[in-house]
Amino acid sequence: MPAHNDNFPWMSYYGNYNFFEQRMREHTKVDTIERVNPSVYSIMLTDGRKLKVFICECYSFDTAEYIESCENYGPVQAVVISSNWCGYSLDVKRHCMSEQVGVFDTAGFMAAINKNEYWTYLTEYERECFKENGWR
Amino acid sequence: MSIYGFGSYFKGASAYQDIDLLIVHNSTDYSACLAAISLKNSILQEIGSAGVSILSRVAELEFDFIQRSQAILLVEIEGSYKDSELMELFRKVNTYKKT
């Protein structure tokens, strides 16, 4: 199944990210969540940090898509790939980590914001890949 | 950069929602990404119904995108793209279903 919208900002077919919003409202580390535009959220964490989060359903999110997102919306602190059908490359994960920007799926973002350096959070698969390639 | 076609249109389906194209760029440096984004925007200006994905060569291998989507190579571009190369791409896309 392809992404529902193939071009920027790769909006959800339903035009909303209700599942993500609900998960954020239930998260113990989230104080407030504000929808800045259909694809950008401002999330205030309980420790006072404020994260600008770009969310999308891009089938294969890579570095060019990240750059395109920043060109349109300015710098972000995290990117969340919303759909299970979609994914992101290891390259964009590494590229963004070097800029202290996190790239995750929804579950990964929920886990990551428990950490101070949320952008360093890796899934088990990513940990294996990073280890194999000697990236950490 | 290489431009591929995939999806219903390139499989010869009588009904399709959009024309799926993939740009594969060789480097992940900033200028290479900007060039790919610029090419995507030029394509969208001409083919409004296009859905254009962009991947670096490395990411394409990671996703195995070309193999999995049975993508077809349409045009290869060396360096910055020229109008003539864009025209060749549009011609190939527009005539694809007739071949």
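Things worth noting here:
- Residue ranges of helices (runs of 4 or more DSSP H) in the range A:1-101 with at least 2 members within 11 Å of chain B (Cβ to nearest Cβ) and not acidic (D, E): A:63-73, A:90-98
- A:E34 meets each of the listed conditions (1) in contact with a Phe, Trp or Tyr (Cβ under 7 Å, 6 or more places away or on another chain); (2) charged (D, E, K, R); (3) buried (at least 18 other Cβ atoms within 10 Å of the Cβ) apart from (3).
- Taken over the range B:8-31, residues that are more than 15 Å from the chain's Cα centre (by Cα) and under 11 Å from B:L55 (Cα atoms) amount to 2.
- Subset of the range A:61-75 [surrounded by 22 or more Cβ atoms within 10 Å (Cβ to Cβ) and free of Cβ contacts under 8 Å to residues at least 40 places away in the same chain]: A:D62, A:T63, A:A64, A:Y66
- Any hit, the range A:36-57, residues being under 28 Å from B:V58 (Cβ atoms), at pLDDT below 95, in contact with an Asp or Glu (Cβ under 9 Å, 6 or more places away or on another chain) and not charged (D, E, K, R): no
- Residue in the range A:114-136 that is more than 17 Å from A:N7 (Cβ to Cβ) and buried (at least 23 other Cβ atoms within 10 Å of the Cβ) present: no
- Selection count, the range A:85-136, where residues are under 16 Å from A:S69 (Cβ atoms) and among the β-branched types (V, I, T): 3
- Look at the range A:38-59: where a residue is under 15 Å from A:V80 (Cβ atoms) and without any contact (Cβ under 8 Å) to a residue 12 or more places away in the chain and a partner is of a type in the set (A, V, I, L, M, F, W, C) and buried (at least 16 other Cβ atoms within 10 Å of the Cβ), sitting 6+ places away or on another chain with Cβ atoms under 9 Å, you get A:S42/A:I33; A:S42/A:L51; A:S42/A:V53.
- From the list A:F109, A:F104, A:F20, the lone residue that is touching a helix residue (DSSP H, G or I) at 6+ places or on another chain (Cβ under 7 Å), buried (at least 19 other Cβ atoms within 10 Å of the Cβ) and over 21 Å from B:V58 (Cα atoms) is A:F20.
The values are calculated or read from the model by the stated rules, or taken from the named source; none is laboratory data. Please read all numbers here as calculations on a predicted model, not as lab measurements. Reconstructed Cβ throughout: ideal geometry from the backbone, glycine too, with neighbour counts over all protein chains shown.
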